[in-house]
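Shown next, in structure tokens, is the structure this report addresses.
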Amino acid sequence: MYLSFGGRVGQDPELKTIPSGSTVCNFSVAVSGFNRQAREKTTTWVRVAIWGKRGEQLAGLIVKGSTVTVTGEFSTREHNGKTYLEVTTGDVTLLGSPPREQEEDDEPPQRQKAAQKNSKSAKDDDDYGDPPF
């Protein structure tokens, strides 16, 4: 069964070379959802494997926090009484980079203060609250 989904990458990809010489890029994606009966947000983790050159290319581009969409062959695996979701694919689209908090720390103090001032004034102007859904 093929499946398409989107979410955020949970850790930096791991690139491995197996004894046959093939390479595989592995990472996990957090997929957000909502349980209507329990009225709470849920997160489902899906392990993604990308084989070959495509995996090698993406391993250098994807980092923890990146937003991606994945389309691939869905499977499950049992280990120690738990069920794990896995997708083997060559079709991953990088949609966005992680939040830039770490890079902002490298900015000079004047830029940090200006950015904080601008974000505070914009926040004060936006008094709509959370969306109703």
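Bear in mind that the values in this text are calculations on the coordinates, not laboratory data. The model shown is predicted, which means the values in this text are computed figures rather than measured ones. All Cβ positions, glycine included, derive from the backbone under ideal geometry; neighbour counts span all protein chains shown.
Here is how the numbers come out for the structure above:
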read-out: Cleavage-rule hits (trypsin sites (Lys or Arg not before Pro)) in region 12-89: DSSP loop, at most 11 neighbouring Cβ within 10 angstrom; value: ARG36, ARG39
read-out: Sorted by Cβ neighbour density within 10 Å, fewest at the top, the residues GLU40, GLU86, GLU73; value: GLU40, GLU73, GLU86
read-out: Residues TYR2, TYR84 arranged by fewest to most Cβ contacts within 10 Å; value: TYR2, TYR84
read-out: Modelled FRET efficiency - R0 35 Å, GLN57 with ARG36, Cβ distances, 0.05 increments; value: 0.35
read-out: Neighbourhood net charge (12 Å Cβ-Cβ; Lys/Arg +1, Asp/Glu -1) for VAL87; value: -1
read-out: q = 0.16, 0.19 Å⁻¹: log10 I(q)/I(0) that the Debye formula gives for region 2-98, counting C-alpha atoms only; value: -0.67, -0.91
read-out: Extension gain, LEU95 back to LEU15 (0.36 nm per residue minus Cα-Cα distance, nm); value: 26.7 nm
read-out: Ranked list, fewest to most other Cβ atoms within 10 Å of each Cβ, for ILE18, ILE50, ILE62; value: ILE18, ILE62, ILE50
read-out: Stretchable slack from THR83 to MET1, in nm (0.36 nm times residue separation minus alpha-carbon distance); value: 27.8 nm
